[in-house]
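Here's the structure, in structure tokens; my notes come after.
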Amino acid sequence: MSEFENNAFFWQKLDTILFGSSFKLTQNIGDVHPSYHGLIYPVSYGYLEDTTSASQGIHAFRGSVKGEGIRAIIIVTDILNKEVEVKLLIDCSNEDEERILLFLNQTDFQKTIIVRRGSSIPSWSEIE
């Protein structure tokens, strides 16, 4: 694996964005999706205020483990909207992550992958 892949500095930058933003709740756990009435949110969902993404800000799922921070990101490919989007998984347990993956992969029009937090420090960052 390249030392640029999944290294600690990437996750540190995401943490900085998270700590400098407020989570704006748009859907509570159990809410029905506004466009697809057969989809029920498995955890809370919203976005980080004062951030930029394809729409209103960086989208995020907030799970059940308070204080856990960002453990993973989800990359979503949607062929109906012809878009790719990254969503943060904040304070999520392994069970929360599984429910989110099942939720997002329900249709044939949208599929996702998960990238879990890495901790490797690249050699180019070491001071000699």
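Determine whether Ser53 is among the hydroxyl-bearing types (Ser, Thr, Tyr) and either over 15 Å from the mean Cα position of the chain (by Cα) or farther than 27 Å from Asn7 by Cα (or both). Answer is no for this residue. Against the test of being surrounded by fewer than 17 Cβ atoms within 10 Å (Cβ to Cβ), at negative phi and of a type in the set (Gly, Ala, Ser), the options Ser44, Ser22 yield a single qualifying residue, Ser22. For the stretch 74-110, the tally of residues that are in a strand (DSSP E or B), under 14 Å from the mean Cα position of the chain (by Cα) and over 14 Å from Ser44 (Cα atoms) stands at 7.
In the stretch 39-73, the residue that is farthest from Phe109 (Cα to Cα) out of those that are assigned to a loop (DSSP other than H, G, I, E, B) and in contact (Cβ under 8 Å) with a residue 40 or more places away in the chain is Gly69. The listed residues are Ile29, Ile70, and the only one of them that is in contact with a strand residue (DSSP E or B) (Cβ under 6 Å, 6 or more places away or on another chain), among the β-branched types (Val, Ile, Thr), within 30 Å of Ser123 (Cβ to Cβ) and modelled with pLDDT of 95 or more turns out to be Ile70.
The single residue among Ile75, Ile90, Ile70 that is out of contact with any Ser or Thr (no Cβ under 8 Å at 6 or more places or on another chain) and surrounded by fewer than 19 Cβ atoms within 10 Å (Cβ to Cβ) turns out to be Ile70.
The values are calculated or read from the model by the stated rules, or taken from the named source; none is laboratory data. Everything quoted here is computed from the prediction, not taken from an experiment. FYI the Cβ positions are ideal-geometry reconstructions off the backbone, even for glycines, and counts take in every protein chain you see.
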